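Presented below is the structure to which this report refers.
None of the figures in this text is laboratory data; all of them are computed from the coordinates on show. Computed from a prediction, not measured in an experiment: that's the story for all the values here. Because the Cβ atoms are built from the backbone with ideal geometry, glycine has one as well, and the counts that use them run over all protein chains shown.
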Amino acid sequence: MNKKYPGFLKPYLEDAIAIPDLEALSAILGIKRREAEKVVIRTKEDLAGYKVRSVFCTKETRELEKELLKILSMYATTKNGKDRVLTLTPSLSGEELQTRSKDVRESRKLEEQLGGAKIARVREIISGAAIEKMSFGQSPLIAIRRRGIEVELKETYGEFVQVEFLDSTDKARELLQKENIILLISEGAAEEGVLDEPGIINIDINNLPEPCELYPEFVINSFVAKKQAIEAIITLLTEFATLKDSYLFKGIPVDGLEDVLGLVEKIEMENGKAEPSFDEEIYRYEEELNKEAERIMRRGGGVEEFKGYLEEVLVNMVDALMLTGEDKDVLWECAYENLDSGLPFEFSRVPLQRLRQRYNRKKAERKYYRLREFATQLERHRAQVSTAIKKIFYLDFMLAVVQFSRDFKLNMPELSEEGLGVIMGRNIFLVDEELSGGEPVVPVSYSIGKTNLGIFGAAPHPVAILTGANSGGKTSLLIMLATAVILTELGLPVPAERAEIPLMPLYLYRRKMIKKTGSFEYSMRALSRIFMREGAKVVLIDELEALTEPGAMGRIMAAILNYMPKDTIAVVITHLIHELLPHISIEKVRVDGIESEGLDAAGNIIVDRQPMFSHIGSSTPELVIKKLLGRVKKKELKTVYEEIIKVLEVERGEGLK
């Protein structure tokens, strides 16, 4: 966060970012929810030391990351758990990713320990954990008598408090007409020369940075908003001893959380009690006095008997209305001024105005002291509550990852330095369709660069060209590789039985980007980023040939592949293999192909999704001609088609010689 925010907000902002609680962040900072999400991501970037766009280096890469996280977020049971998924950021630190990997393994063990039925109950409890929208309460009015203090107040509390300079008793009276209480910053003993009125509360200057002193309502409301989350944690740790002793919750004191919950419930109960207003109290006593006056008259009693009863009531009113000193005399004046006017009895209203103001101020004083005491008690537990709440939403996130892994058959990858590869890898988006009733996904094994996966025929070239017919699975394979890199660098399992993934910035160029822009210059600018930044990278490119005429495009692509930065791993899909071959370095570039297995009875192309290494795949024209050949009857046309197929097969066979 580049903007400077009031100092007292620091722990609240840190919690809102760490949980994350985007609603609280949005409310505290006065920004939209989408901006709050960016604040969380930027903070994580600052901690990591690099930006998301320096790891996922193209717009297409970042879009693919969002598509993946959207699927994963659906497995979280809480809003905060979903937001944790959606604000995940990548890491290129092996140590950091090993820590994330360890958490996934520990969460799997925890799930196995508890078993299906108990995990269902755990997730049910977690789903009730929520952080409500926080109410800030009324901004306190702070009075100062020495210039300079307002600078510190501004740095600490910003616009969350009102600050006034108090230079006279007249100014004090003026302020008390606006607010029922004033927090007067004093330097030691109570300030002298200030109007002796209820509603002026002295705050020691040394307590200036303490929100419990200056803004207790804010402190309390921050705990009240977390009530449901605290209840869920207590229930979770009470029902499941396994969780209480787990890697996540070990050391979280349930009794401390119960104390907090008790205080919150007590606060809510007190807030639910509607204290009578001054006027309601006056009306109640007038009604009581008039009823008694009628009884006295019915019995034949007189004014003196009524006065005796009135005196008793006035004594009770002194306590109820918190009257002291001269205020008692004012109450007696209000009672006796209209006594000779007869029934119904009524207090004189004009003198009551002073008593009403002082009653309201004393009531506000009493509320302030009560809030301050609650805030102080709650604040002692802030660290415990903060840690526990982060843990429960992290557990929601981790259980989402475990369920996601199980449904999509994901496994933690091994980190590699020189190669990228998967054994029995599957495209997550196709698996998502399969889970919704779509066609079964055919797994494939593929590697580029040096790996220990032992995939037969996959020579350890750092660059591969992937060929084959349209709809053969080339793009699906490319997306599967990109997905494996993205998930690995997010610390998540990947869609393969085994995988070796390098920690390198990823440059993915999807075909839809090329089609969308249709600009040769734009695309060349986009590709130039690969060469403008030093260091190894993973580069995945899906068909650039539509940008210019094939011959020129073949030479351009060959130049890009031949001069890939050192230690870079790249896979490029193309149909221009014959335009490329004369210009590429066979020592650096491997050509692979997805081959057709012929045509089915309906004339549809049958494809083997598993790429063949060091082999040019059948082109779409070749397969289309074969399909047409199967349908043609005229001998002359059949001869033409057979000749075309022969030429294409010879060309393909000679391509790698």
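Some observations on this one:
- Net charge dipole size for the range 409-618 [Lys, Arg +1 and Asp, Glu -1 on Cβ; Debye, nearest 20]: 600
- For the range 303-342, backbone nitrogen atoms closer than 15 Å to the point 7 Å from residue 284 Cα along Cα-to-C-beta are found at 313-323.
- Cα convex hull of the range 278-354, projected area averaged across orientations, nm²: 4.7
- Mean projected area (nm²) of the alpha-carbon convex hull when the range 141-214 is viewed from all directions: 4.6
- Taking other residues whose beta carbon is less than 15 angstrom from the beta carbon of residue 254, and scoring Lys, Arg as +1 and Asp, Glu as -1, yields -3.
- Checking the Cα-Cα distances for 328/363; 537/566; 266/367; 307/328; 226/367 against a 20 Å cut-off, the pairs over it are 226/367.
- Ordering 282, 256, 47 by the projection of their Cα atoms onto the charge dipole of the chain, which places +1 on the Cβ of Lys and Arg and -1 on the Cβ of Asp and Glu, puts 47 at the extreme positive end.
- Once both labels are positioned 7 Å from their Cα atoms along Cα-to-Cβ, the gap between residue 4 and residue 414 label points is 5.3 nm.
- Simple Cβ-charge dipole of the chain, Lys/Arg +1 and Asp/Glu -1, about Cα centre, in debye nearest 20: 3520
- Potential extension, residue 471-residue 173 segment - 0.36 nm per residue separation minus Cα distance: 99.1 nm
- Centroid-to-centroid separation of the range 131-178 and the range 442-463 [C-alpha atoms, Å]: 68
- Remark on the range 357-408: hydrodynamic radius 14.5 angstrom, per the Kirkwood mean of 1/r across alpha carbon pairs.
- Bridges between two residues of the chain, per DSSP, are antiparallel at a rate of about 30%.
- Residue-count net charge about residue 52 - beta-carbon cut-off 11 Å; Lys, Arg +1, Asp, Glu -1: +4
- Under 5 Å from the amide H of residue 184 lie the amide H atoms of 143, 201, 202, 203, each residue being 5 or more positions distant or on a separate chain, with H modelled from the backbone and absent for Pro and chain starts.
- Base-10 log of normalised Debye intensity for the range 409-618 (one unit scatterer per alpha-carbon) at q = 0.08, 0.11, 0.12, 0.17 Å⁻¹: -0.26, -0.50, -0.60, -1.24
- Toward the positive end of the charge dipole of the chain, with +1 on the Cβ of Lys and Arg and -1 on the Cβ of Asp and Glu, the farthest Cα among 119, 384, 565 is that of 565.
- Modelled FRET efficiency - R0 45 Å, residue 247 with residue 559, Cβ distances, 0.05 increments: 0.30
- Inter-centroid distance (Cα atoms) of the range 1-61 relative to the range 368-414, Å: 18
- Virtual spin-label span in nm between residue 373 and residue 196, 7 Å along Cα→Cβ: 2.6
- Per-pair calculated FRET efficiency, R0 = 51 Å: residue 275 and residue 92 via Cβ, rounded to 0.05: 0.30
- Estimated distance in nm for a label pair at residue 380 and residue 606, the labels positioned 7 Å out from Cα along Cα-to-Cβ: 7.8
- Amide hydrogen proximity for residue 466: with H placed 1.01 Å from N in the peptide plane, the residues at 5 or more positions away or on another chain lying under 5 Å are 572, 573, 574, 592.
- Computed from phi, the 3J(HN,Hα) profile of the range 324-332 under the Karplus parametrisation 6.51, -1.76, 1.60 (θ = phi - 60°) reads 9, x, 5, 4, 4, 5, 5, 4, 5 Hz, with x in place of Gly and Pro.
- P(r) of the chain over all Cα-Cα pairs, binned every 10 Å from zero, in whole percent: 3, 12, 17, 16, 13, 11, 9, 7, 5, 4, 2, 1, 0, 0
- Phi angles across the range 500-507 convert, under the Karplus curve 6.51 cos²θ - 1.76 cosθ + 1.60 with θ = phi - 60°, into 3J(HN,Hα) values of 10, 10, x, 8, 9, x, 10, 10 Hz, Gly and Pro given as x.
- Magnitude of the charge dipole, the range 324-386, Cβ model with Lys/Arg +1 and Asp/Glu -1, debye to 20: 680
- Checked against a 26 Å cut-off, the cross-linked pairs 4/79; 102/409; 44/82 give Cα-Cα distances beyond that limit for 4/79.
- Hz values of 3J(HN,Hα) by residue in the range 169-182 - Karplus curve (6.51, -1.76, 1.60), Gly and Pro given as x: 5, 5, 5, 4, 4, 4, 5, 5, 6, 8, 10, 6, 9, 10
- Charge dipole of the chain about the Cα centre (unit charges at C-beta), most positive-ward option of 88, 472, 336: 472
- Descending by average beta-carbon neighbour count within 10 Å, the peptides 428-437, 570-579, 335-344, 472-481 line up as 472-481, 570-579, 428-437, 335-344, the highest first.
- Built amide H within the under 5 Å cut-off of residue 461, gap 5+: 449
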